[in-house]
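The values are calculated or read from the model by the stated rules, or taken from the named source; none is laboratory data. Not measured: the values here are computed from a predicted model. FYI the Cβ positions are ideal-geometry reconstructions off the backbone, even for glycines, and counts take in every protein chain you see.
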Amino acid sequence: MSNLTVGNNSIGPKIVTVLKKNVPLLILIFLVILFTFMAPNFMTFGNIRTLIRQISFAGISAVGLMFVMISGGIDLSIGAQVVFSNVLMAIMFVDWKLPPAVAIPLILLVGTGLGAINGFLCIKLKIHPLIITLGTSAIFKGAGYIINKSRNIMGFPDSFRWFGQGYIWGIPVPVIVMIIVALIGSFILTKTYFGRKVFALGGNEEAARLAGVNLNRMKVSLFMICGLVTSISTILLLSRVFAGQTMTGQGLEFDCLTAALLGGVSFKGGEGTVFGLIVGMLIIGVLNNAMQLATFPDFSQQVVKGAVLLIAVAFDVFQKNRKAKETVAKVAA
């Protein structure tokens, strides 16, 4: 049977192309429909608002991680950065008696500094960022435990509660912050010269160097962006939990990485969109929320999330191999 055509254009292949480009969105739609029937409380207004607020914290950090991943790097320390920074900020409030107007800018500087440490170590030691950030993750997390001194630090200014628990026109503040960060990130990546350099760095590092891109400066800058954005998540998470503790932020990098890969951010760099990232984050959020509604045991949830990560990586490899074969076929023709 021939493909349906309009004039000289074949519609069938165009539909297939559109479907291939929107696989994450199709998966999200399928999951929403599936869990709507499986969990009666899933599609309620209250649950949807809770779901979006839950993903907003990781969604913000994922935007920062995406900058690093598109450039061909990786940052496995973002969860540990939150562990350290949220405890430090709690100490600023309780022990140092600093007001939010002072503590918030300071913690943004601290987060940016932690990212700078990652970038500096990567360019000086010339070791893959995966290994560097795995090491710094242990350092940051350990430092958080040391300064925490086994305390559950409480007693923050009541005005600080609004950042993680407040609403603007019925929308949770963290969700609004995530939207703003996503829009800014998308603008930088798609509309600025800096964004083009990020993609160039991930697509072909040597070609980017020959084109005049300062590789070392770019790599440090991208890790600093990741650290800055992660510190925004830290502020919102601390305000939400309203207690400085070492459990806050642990495992954050797992959800961010999985969401990025599901959303089309390539593990090898050079590809990715903020829209795809948010779709990937929604997939993770829907899965987490549905499993909680279905009272899945914690260990079962870990199995599902681990399987999703492997599927996302496998899909990324498949996409890369398919594009490579198409390129070879075009050259041969």
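Okay, here's what the table says:
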quantity	calculated
Criterion: surrounded by fewer than 15 Cβ atoms within 10 Å (Cβ to Cβ), closer than 18 Å to I232 by Cβ and more than 19 Å from the chain's Cα centre (by Cα) - qualifying residue of L125, L109	L109
Condition met for R151 (surrounded by 14 or more Cβ atoms within 10 Å (Cβ to Cβ), charged (D, E, K, R) and not in a helix (DSSP H, G or I))	yes
The range 248-260 residues that are in contact (Cβ under 8 Å) with a residue 40 or more places away in the chain and more than 17 Å from V279 (Cα to Cα), paired with ones that are β-branched (V, I, T) and surrounded by fewer than 23 Cβ atoms within 10 Å (Cβ to Cβ) (beta carbon under 9 Å, 6 or more apart)	T248/V241
All positions within the range 289-303 that are in a loop (DSSP other than H, G, I, E, B) and without any contact (Cβ under 8 Å) to a residue 60 or more places away in the chain	T295, F296, P297
Sole exception among (1) touching a Gly at 6+ places or on another chain (Cβ under 8 Å); (2) part of a helix (DSSP H, G or I); (3) at pLDDT below 90 for G264, by number	(2)
Lone unmet requirement of (1) surrounded by 19 or more Cβ atoms within 10 Å (Cβ to Cβ); (2) over 26 Å from T133 (Cβ atoms) for R240	(2)
Test: residue in the range 229-242 that is in a loop (DSSP other than H, G, I, E, B) and at pLDDT 85 or above	yes
Residue that is surrounded by the most Cβ atoms within 10 Å (Cβ to Cβ), among those in the range 205-217 that are without any contact (Cβ under 8 Å) to a residue 12 or more places away in the chain and in a helix (DSSP H, G or I)	A208
Residue check for G195: under 18 Å from A80 (Cα atoms), modelled with pLDDT of 90 or more and either assigned to a helix (DSSP H, G or I) or touching a Ser or Thr at 6+ places or on another chain (Cβ under 7 Å) (or both)	no
Residue check for L114: outside any loop (DSSP other than H, G, I, E, B), in contact with a Gly (Cβ under 7 Å, 6 or more places away or on another chain) and under 22 Å from Q250 (Cβ atoms)	yes
Single match in F187, F223 (criterion: in a helix (DSSP H, G or I) and either over 19 Å from A62 (Cα atoms) or within 15 Å of the chain's Cα centre (by Cα) (or both))	F223
Flag for G202 being surrounded by 16 or more Cβ atoms within 10 Å (Cβ to Cβ), outside any loop (DSSP other than H, G, I, E, B) and either without any contact (Cβ under 8 Å) to a residue 40 or more places away in the chain or not hydrophobic (A, V, I, L, M, F, W, C) (or both)	yes
Whichever residue in the range 19-49 is among the aromatic types (F, W, Y) and surrounded by 14 or more Cβ atoms within 10 Å (Cβ to Cβ) and, among such residues, is farthest from G164 (Cα to Cα)	F35
Test for G170: is it surrounded by fewer than 20 Cβ atoms within 10 Å (Cβ to Cβ) and under 20 Å from V87 (Cβ atoms)	no
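Table: residues versus (1) within 25 Å of V173 (Cα to Cα); (2) in contact (Cβ under 8 Å) with a residue 12 or more places away in the chain; (3) touching a Leu at 6+ places or on another chain (Cβ under 9 Å).
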residue: F45; (1), (2), (3): yes, no, no
residue: Q54; (1), (2), (3): yes, yes, no
residue: V63; (1), (2), (3): yes, yes, yes
residue: M66; (1), (2), (3): yes, yes, yes
residue: F84; (1), (2), (3): yes, yes, yes
residue: L88; (1), (2), (3): yes, yes, yes
residue: M92; (1), (2), (3): yes, yes, yes
residue: F120; (1), (2), (3): no, yes, no
residue: L134; (1), (2), (3): no, yes, yes
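Yes/no per residue for (1) at pLDDT 95 or above; (2) of a type in the set (G, A, S); (3) under 21 Å from L65 (Cα atoms):
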position: L108; (1), (2), (3): yes, no, yes
position: T112; (1), (2), (3): yes, no, yes
position: K126; (1), (2), (3): no, no, yes
position: F140; (1), (2), (3): yes, no, yes
position: M154; (1), (2), (3): no, no, no
